[in-house]
1. Within the range 294-308, whose backbone N sits under 17 Å from a point 7 Å along Cα→Cβ of residue 318?
2. Can you figure out the FRET efficiency of residue 352 with residue 213, using R₀ = 35 Å and their beta-carbon distance, to the nearest 0.05?
3. Taking 0.36 nm per residue of sequence separation and subtracting the Cα-Cα distance, how much length would be gained by fully extending the chain between residue 263 and residue 97, in nm to one decimal?
4. Evaluate the relative contact order of the chain (contact order divided by residue number), counting alpha-carbon pairs under 8 angstrom at least 6 apart; express in whole percent.
5. Do me a favour and compute the ellipsoid semi-axes for the range 240-319 from its Cα gyration tensor, root of five times each eigenvalue, largest one first, whole Å.
6. Give me the percent of Cα-Cα pairs in the range 177-286 that sit more than 21 Å apart, rounded to a whole number.
7. Residues in the range 237-254 near a label at residue 190, defined as backbone nitrogen under 19 Å from the 7 Å Cα→Cβ point?
8. Counting each DSSP H run of 4 or more residues in the chain as -39500 (n - 2.57), what helix-only mean residue ellipticity at 222 nm follows after dividing by all residues, to the nearest 500 deg cm²/dmol?
Ligand code: SF4
């Protein structure tokens, strides 16, 4: 049976194989495609002698969130970020917490059409300081994300990638050249976890983290969702924390967040708060300066502390900021030690609001 002709925008990073198939080189899955076939992410596919992106200019909806929700605790704290995603994903995590978007096969659910310029303008008009590519992984819609990022930079709006970091070396350079900040999901710290629960590879993600730290100026933080019985053993948390300390240094913030039963993993209980607090202690004991708990109410575990004198620098109650003890240059007002991150003289005042917005199309 003939494959349908795919409609989309020409994509980058692919090669023709000797057997006539075309290989997508965006992520380490290297999907090998016959004409009309889609890759595992569903949104990239082969049309004739190339790859197309079928979700360029299409979004699952726009919302203004607090930047802390990405989560980023050291990047323009307290400011609003215009957030959107598309559909599909290049990992198959059984515990996906956004599966209605990432597993979407009905592209009709992408109701909002928006050009890069329209998104950047909407961010500017709404007072958002940044635009986040989130809800699903922007690696798979690289061409769209890069164009949006360029339109944002032209208007002084920054961009944030929320990603699993599962991307090949060459597109990684282009993708992150256009980003100002990122939150990278480090889903676990064993090959078995990545292989069995995500059908991915740990080493590819560690390469992205190392690249970000040593070859870019991108501000990034790491999130690990702790799943009872899967990746929450003290030994695994300790190994992960020591790897971050050794390869990335003490200033990369690490968020341990709570799992809720979802998608194909409904047989596990939610993460007990005590597990998150234990992980935070292990991370701090490994020497990391900024380790947080997430998805639970834990003001002590979500505050930012001065690594030198221990003073609270930024207090948080969910996404509301309380204490602000940084001077205009991002130093502790008590002892003068610098806090790593991207700060302005004052904290933002967005609070915990979540505000859906409509972006005029102009595709
Ligand atoms: S981006 Fe999509 S099509 Fe390309 S290799 Fe990854 S999963 Fe396959």
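Quick note: the coordinates plus some simple rules give every number you see, no bench work behind them. Computed from a prediction, not measured in an experiment: that's the story for all the values here. For neighbour counting, all protein chains shown are included, and Cβ atoms are generated from backbone atoms with ideal geometry for every residue, glycine included.
1. Within reach of a label on residue 318: 294-303.
2. Values: r = 30 Å, r/R0 = 0.87.
After rounding to 0.05, the efficiency reads 0.70.
3. Contour length minus the Cα-Cα distance gives 59.0 nm.
4. Details: 828 pairs, mean separation 61.0, N = 363.
Reported relative contact order: 17 percent.
5. Details: eigenvalues 116, 54, 17 Å².
Computed over the range 240-319, the values are 24, 16, 9 Å.
6. Numbers: 2141 of 5995 pairs.
The proportion of pairs with Cα distances above 21 Å equals 36 percent.
7. What the label zone holds, given the 19 Å backbone N cut-off, is 237-244.
8. Working: 8 runs with 83 residues, N = 363.
Only helices count here, giving -7000 deg cm²/dmol.
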